Amino acid sequence: QRERTYNLDAIGEDDEEESDDDSISDLESDESADKETHSSSTGINPSDYLQAFTHFTYRFTNKKVMVCDLQGVFNTDLIPPTIEMTDPAIHYASAKGRRMVYGRTDKGKFGMNAFFRTHKCTPICKYMHLSARNKKWNRDWR
């Protein structure tokens, strides 16, 4: 039996551009992306989970850390289907201005802004109530 996989890419390093702006703008969107992609049996695009995970790490760490640049394969032959990820990058929003705390791919606040410039909340984001408009998020998830 042949393993069925889908290549996934949530955000690439090439999508990021340098900027002098260190503020994190909360550009979290409630709109779904309009794109035709392969979807799993649930009707959800496997890459939606990666986008939502990145968004979740940002919210869960009180906007201090973001795990992104997630790549990997979605293996539907396993039960439950599994996402095997490789080569993540971590962006850290240092209050003291420290740079590249998590290595050369750590773009700090700029990297977080780059993610939200392209991110459209997925059905998973909506299910987890990750919108910036949800003021009760910390109470509900902590």
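Working carefully through the options Pro123, Pro88, Pro80, find the one that is without any contact (Cβ under 8 Å) to a residue 24 or more places away in the chain and within 24 Å of Gly43 (Cβ to Cβ). Talk me through it step by step, then tell me what you get.
On the way: Pro123 fails: without any contact (Cβ under 8 Å) to a residue 24 or more places away in the chain; Pro88 fails: within 24 Å of Gly43 (Cβ to Cβ).
Residue meeting the stated conditions: Pro80.
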Worksheet entry | Subset of the stretch 42-70 (residues that are of a type outside the set (Phe, Trp, Tyr), more than 8 Å from the chain's Cα centre (by Cα) and farther than 13 Å from Ile90 by Cα) | Thr42, Gly43, Ile44, Asn45, Pro46, Ser47, Asp48, Arg59, Asn62
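For the stretch 50-64, give me each residue that is open to solvent by 10 Å² or more (accessible area, probe 1.4 Å) and in contact with a helix residue (DSSP H, G or I) (Cβ under 9 Å, 6 or more places away or on another chain). Even if it seems obvious, please write down each step before you answer.
Applying the first criterion (open to solvent by 10 Å² or more (accessible area, probe 1.4 Å)) to the stretch 50-64 yields 51, 53, 56-57, 59-64.
Listed by number, the residues that qualify are Gln51, Phe53, Phe56, Arg59, Phe60, Asn62, Lys63, Lys64.
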Practice prompt. Take the stretch 65-105 and flag every residue that is in contact with a strand residue (DSSP E or B) (Cβ under 7 Å, 6 or more places away or on another chain), open to solvent by 20 Å² or more (accessible area, probe 1.4 Å) and at pLDDT 90 or above.
Written response: Val65, Val67, Pro88, Ile90, Tyr92, Val101, Tyr102, Thr105
Worksheet item: Residues of the stretch 106-130 being surrounded by 20 or more Cβ atoms within 10 Å (Cβ to Cβ) and on the phi > 0 side of the Ramachandran plot, which ones?
Response: Gly108
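The values are calculated or read from the model by the stated rules, or taken from the named source; none is laboratory data. All figures in this text were calculated on a predicted structure; none of them were measured in a lab. Using ideal geometry, Cβ is built from the backbone for each residue, glycine included, and neighbour counts are taken over all protein chains shown. Surface areas here come from the heavy atoms of the whole protein model, side chains and all, with no ligands, DNA or RNA. Shrake-Rupley method; radii C 1.70, N 1.55, O 1.52, S 1.80 Å.
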